[in-house]
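Structure, as structure tokens:
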């Protein structure tokens, strides 16, 4: 069992100071680095205060300059937003500047609102084609001179300058939910990132089964790594639970707005919709959140993680979900001090 940290610069309210947010995120990454976390992951989002990540490689370069060993990944770079030449070059430059620590995560994207502004006319549901065209082009550019004539991009012979430090290239991850994406990612030697969101453990079991099915269809392909992200909060006293649950409910109200375009966005702040209006509102009940998310006392969290370990899934600790800076730090420190030692022999 290995652990990684997903963290965003997030402002849930206009009164949140941006410099304090940035300082906090760097401190959390440094704490994860010193504790032996495997990777720190930065997202890509645009014009959204809840997830401030317009330039993920800039974030990773900043973290690289202030850490020693933790690997640095994009979770994820949105395929349709990138020209292959630019992505290959920026990713390789980060790999060089970090001393070969890049993990390149790619995905199709989440919010139609972003697509409408970055790539007008593209439906987020159909963005998988961009991902499938982008990846071989980036690999070709990393390998040397490469020309491309595809459905989305066309360019004459070019190459990535610089080339990645890691050979033949940095590890590549694909955000996957549907079976076709698992099949394609596994066949192309990619690792898998999955987001069970607020859903029960059975959702993660389904993802693990899709990985197994994809491997059966790709004989001879080594088993990729698989990591699962959950919102995470560790508390010493159960009286603290309500505060963490209220924070994730608040963030979820904004996420559902952005994901389904159910409300307004004012100056980058998404309106928080009423979760009770959703057909799947049961996912957001306090008792459901506590059961399904990586929430609980250290002993409870260790017990939940044992089930992940049995599935062969590494764990992606997601720190950003609307909780206060102090609560995020307190939770991560408890995770490091009282949860991670239980898995010392398996790391």
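The values are calculated or read from the model by the stated rules, or taken from the named source; none is laboratory data. Being a predicted model, the structure only gives us computed values, none of them experimental. No Cβ is skipped: glycine too gets one built from the backbone with ideal geometry, and neighbour counts run over all protein chains shown.
So residue 270 clears everything in (1) touching a strand residue (DSSP E or B) at 6+ places or on another chain (Cβ under 7 Å); (2) farther than 20 Å from residue 287 by Cβ except one condition, right? Which one?
(1)
Being under 24 Å from the mean Cα position of the chain (by Cα), assigned to a helix (DSSP H, G or I) and without any contact (Cβ under 8 Å) to a residue 40 or more places away in the chain is the filter; apply it to segment 243-281 and report the residue that is nearest to residue 202 (Cα to Cα).
Across segment 243-281, the extreme among qualifying residues is 281.
Determine the pairs where a residue that is exposed (fewer than 11 other Cβ atoms within 10 Å of the Cβ), located within segment 148-164, has a partner that is not in a strand (DSSP E or B) with Cβ atoms under 6 Å apart, the partner being 6 or more residues away or on another chain.
Hits for this filter: 157/145.
Could you please let me know if residue 93 is out of contact with any helix residue (DSSP H, G or I) (no Cβ under 6 Å at 6 or more places or on another chain), within 27 Å of residue 156 (Cβ to Cβ), surrounded by fewer than 21 Cβ atoms within 10 Å (Cβ to Cβ) and touching a residue at least 12 places away in the same chain (Cβ under 8 Å)?
Yes; evaluated as a whole, the condition is true for this residue.
In segment 171-203, what residues are in a helix (DSSP H, G or I) and either buried (at least 21 other Cβ atoms within 10 Å of the Cβ) or in contact (Cβ under 8 Å) with a residue 60 or more places away in the chain (or both)?
181, 182, 185, 186, 201
Select from segment 317-331 the residues that are more than 13 Å from residue 236 (Cβ to Cβ), part of a helix (DSSP H, G or I) and touching a residue at least 12 places away in the same chain (Cβ under 8 Å) and list them in ascending order.
Listed by number, the residues that qualify are 325, 328, 329.
What number of residues within segment 132-173 satisfy the criterion of being closer than 19 Å to residue 73 by Cα and touching a strand residue (DSSP E or B) at 6+ places or on another chain (Cβ under 6 Å)?
Matching residues across segment 132-173 total 4.
Mind listing whichever residues of segment 1-31 are closer than 30 Å to residue 345 by Cβ and either part of a helix (DSSP H, G or I) or at pLDDT 95 or above (or both)?
Residues satisfying the conditions are 3, 4, 5, 6, 7, 27, 28, 29, 30, 31.
Kindly indicate whether residue 68 is closer than 30 Å to residue 132 by Cα and either within 16 Å of the chain's Cα centre (by Cα) or in contact (Cβ under 8 Å) with a residue 24 or more places away in the chain (or both).
Considered against the rule, which asks whether it is closer than 30 Å to residue 132 by Cα and either within 16 Å of the chain's Cα centre (by Cα) or in contact (Cβ under 8 Å) with a residue 24 or more places away in the chain (or both), residue 68 comes out as no.
Going through segment 322-347 one residue at a time, which ones are in contact with a strand residue (DSSP E or B) (Cβ under 6 Å, 6 or more places away or on another chain) and surrounded by fewer than 23 Cβ atoms within 10 Å (Cβ to Cβ)?
334
Among residues belonging to segment 38-64 that are outside any loop (DSSP other than H, G, I, E, B) and under 12 Å from the mean Cα position of the chain (by Cα), point out the one that is surrounded by the fewest Cβ atoms within 10 Å (Cβ to Cβ).
53
Residue 280 is checked against (1) at pLDDT below 95; (2) surrounded by 15 or more Cβ atoms within 10 Å (Cβ to Cβ); (3) under 24 Å from residue 12 (Cα atoms) and fails just one. What number does that condition carry?
(2)
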